[in-house]
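All remarks here apply to the structure that follows.
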Amino acid sequence: MEAIVTKKEKSNIDVIFEKIYYFLKNKLGFDDIQAIASISSLVLLPISLFLGFFYTKISTFQLMFYITLGLDILVIVYSLIKYKYFKNKRLYFIEEFENKKIEVKTVEDLEQLNPLEFECFVRELFSKQGYRSWTTKRTHDNGADVVAEKGNHRIVIQVKYSSRTVNPYAVYQANTGRHNYKADRAILITNNEFTSKAKLDAQYYGIKLMDEHDISVFLRKNGSIKFTYN
């Protein structure tokens, strides 16, 4: 019997916080720490400021205000360090990768790639299937890392190179990419596996999933994939 996927109704406050969370992650490039800290501050700072200093002046709320403010400062420092680190790391990836010619013969070869190389691998995977494919810009990609076209048919691909199983947020990104690029289909590809919740959400939104097993099957059937950065 075919499984029926239903979407659990959410309260209005859950929907609001979810939209803010996805906006911070998708539009501003926040990670989980930055997004959760920002949402917490959005709620706790005004409440603790009002109740601790203007309305009741309860010491508990004053302490909450200072703790929240201190955590905000830590997150700002963390964000600056993260920006500097990933900027330098990305520049290093690009500089190292520009002159490399890479061949992926088996799924084990994927372990030797970095995230940029994996995106280019996925690009060539679709080129090998007869698509005209290209990678999108590296930041604020609007939900797609690779776009592939064949005739009037357009596919957007969200690529996740990860050492951990991929969570439902990646499904949200792929679905967003399908709308932003006015694509016919959206595919989410990873070198790893997907969580059960990600699989359910992908089924609900009609997102095709490809994991390391699917890539392995493709390589066995179609042979190795060679690519460069450009």
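The values are calculated or read from the model by the stated rules, or taken from the named source; none is laboratory data. What you see is a predicted model; the values in this text were computed from it and never measured. Using ideal geometry, Cβ is built from the backbone for each residue, glycine included, and neighbour counts are taken over all protein chains shown.
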When the stretch 56-77 is checked residue by residue, the ones that are β-branched (Val, Ile, Thr), surrounded by 13 or more Cβ atoms within 10 Å (Cβ to Cβ) and within 19 Å of Phe30 (Cβ to Cβ) are Thr68, Val75
Among residues belonging to the stretch 180-204 that are more than 16 Å from the chain's Cα centre (by Cα) and not acidic (Asp, Glu), point out the one that is surrounded by the most Cβ atoms within 10 Å (Cβ to Cβ). Ala183
Just give me the residues in the stretch 130-148 being touching a residue at least 12 places away in the same chain (Cβ under 8 Å), surrounded by fewer than 16 Cβ atoms within 10 Å (Cβ to Cβ) and not small (Gly, Ala, Ser), in sequence order. Arg132, Trp134, Arg138, Thr139, His140, Asn142
Go through the stretch 13-55 residue by residue and tally those that are loosely packed, with under 12 Cβ neighbours inside 10 Å and either polar (S, T, N, Q) or outside any helix (DSSP H, G or I) (or both). 2
The lone condition Val217 fails out of (1) surrounded by 14 or more Cβ atoms within 10 Å (Cβ to Cβ); (2) within 23 Å of Val107 (Cα to Cα); (3) without any contact (Cβ under 8 Å) to a residue 24 or more places away in the chain; (4) not polar (S, T, N, Q) is (1)
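Per-residue answers, yes or no, for (1) modelled with pLDDT of 80 or more; (2) in contact with a helix residue (DSSP H, G or I) (Cβ under 9 Å, 6 or more places away or on another chain); (3) closer than 22 Å to His213 by Cβ:
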residue: Asp72; (1), (2), (3): yes, yes, no
residue: Tyr83; (1), (2), (3): no, no, no
residue: Lys89; (1), (2), (3): no, no, no
residue: Thr106; (1), (2), (3): yes, yes, yes
residue: Glu111; (1), (2), (3): yes, no, yes
residue: Glu119; (1), (2), (3): yes, no, yes
residue: Glu124; (1), (2), (3): yes, no, yes
residue: Lys137; (1), (2), (3): no, no, no
residue: Asp141; (1), (2), (3): no, yes, no
